[in-house]
1. Which of Val37, Val198, Val68 moves most in a GNM of the chain, Cα contacts under 10 Å?
2. Just need the relative contact order of region 119-256 here, percent rounded to a whole number, with Cα pairs under 8 Å and 6+ apart.
3. To the nearest 10 square angstrom, how much accessible area does Ser25 have with a 1.4 angstrom probe?
4. Using 1/(1 + (r/R0)^6) with R0 = 25 angstrom and r between the beta carbons of Thr188 and Gln145, what's the FRET efficiency to the nearest 0.05?
5. What length, rounded to one decimal in nm, is gained on full extension from Asp231 through to Asn249, with 0.36 nm per residue of separation minus their alpha-carbon distance?
6. Normalised by the residues of region 1-71, what does the relative contact order come to in percent, with Cα pairs under 8 Å and at least six apart?
7. With a 10 Å cut-off between alpha carbons and a GNM built on the chain, which of Ile140, Ile111, Ile194 moves the most?
8. Counting only the heavy atoms of the protein chains, how much of Arg190 is accessible to a 1.4 Å probe, in Å² to the nearest 10?
Amino acid sequence: MTQPALAFTPPAGPDGAPLLVLGPSLGTSTILWEDVVPHLGAYRVTTWDLPGHGAAKPATEPFTVGEVADAVAEGIRELGAPALYAGVSLGGATGLELLLRHPDVVSAAAILCASPKFGDPAMWADRAAQVRTQGTGSLIVGSAQRWFAPGSIERRPVLTGRLLHALRDADDASYALCCDALAQYDVTPRLGEIATPVLAVYGEHDGVSPEEHARTIAEGVHDGRMARIDDASHLAPAERPDEVAAVLNDFFGGAR
């Protein structure tokens, strides 16, 4: 195992403002947060890409979700810890690992459309094998169905299309290694160790990380709460950016 290389964008926002770090979902890139960031003007905002996604170099060695969190913690320390953190799906899982492994670098975290454990390891093994043999392009139809609520693609055709292209363009080997990492990921027994304030956000139509998964997180940590994003599924920041921004501003404003 080795710490994977990530790609952070330069922080943008007022000098001296709190640092806010935004993490991606598997198969996406910093595009996921594009329409949310303009509504986060009270913060210095940086986003990051997973290995082999967006601007990040491909991975060549296996890694765990915890090691992704180690890389995020290193980036936060370089940019000026402590930070606020928000992450979607695998980015949310990274956030939970970050709170367990590096609680000193995050003062509050929003865990969006994420779970303390994602499905069965066999499912991830099957997806990794599919990508290794057929490429990420073979996932587009299924991902569109999981990622977006009814009406989202029609309502936001440009951004949703760009996200599906980002999936197609992701490095196959790196995507498969992310699947391998998710197959091992399960922080359910350790949620009670997290004392940092946590907001668990779920999309109304999310079948990957539904309401009960958000409740497990919110009730499992010491200081947790929940929020629902209506008319959204698994990529809520792309589907409902205004609503997600409002939830984040309210939570982080209170946490500060």
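1. Judging by the Gaussian network model, the answer is Val37.
2. Working: 182 pairs, mean separation 35.9, N = 138.
Here the relative contact order equals 26 percent.
3. 0
4. Details: r = 26 Å, r/R0 = 1.05.
Computed FRET efficiency for Thr188 and Gln145 comes out at 0.45.
5. Additional length available on full extension: 4.5 nm.
6. Working: 124 pairs, mean separation 33.8, N = 71.
About 48 percent, as a whole number.
7. Looking only at Ile140, Ile111, Ile194, the biggest GNM fluctuation is shown by Ile140.
8. Answer for Arg190: close to 90 Å² accessible.
The values are calculated or read from the model by the stated rules, or taken from the named source; none is laboratory data. From a predicted model like this one, the values you see are computed outputs, not experimental measurements. Cβ: placed from backbone, ideal geometry, glycine included. Neighbour counts: every protein chain shown. In case anyone asks, the SASA skips ligands and DNA or RNA and just uses the protein heavy atoms, side chains included. Shrake-Rupley method; radii C 1.70, N 1.55, O 1.52, S 1.80 Å.
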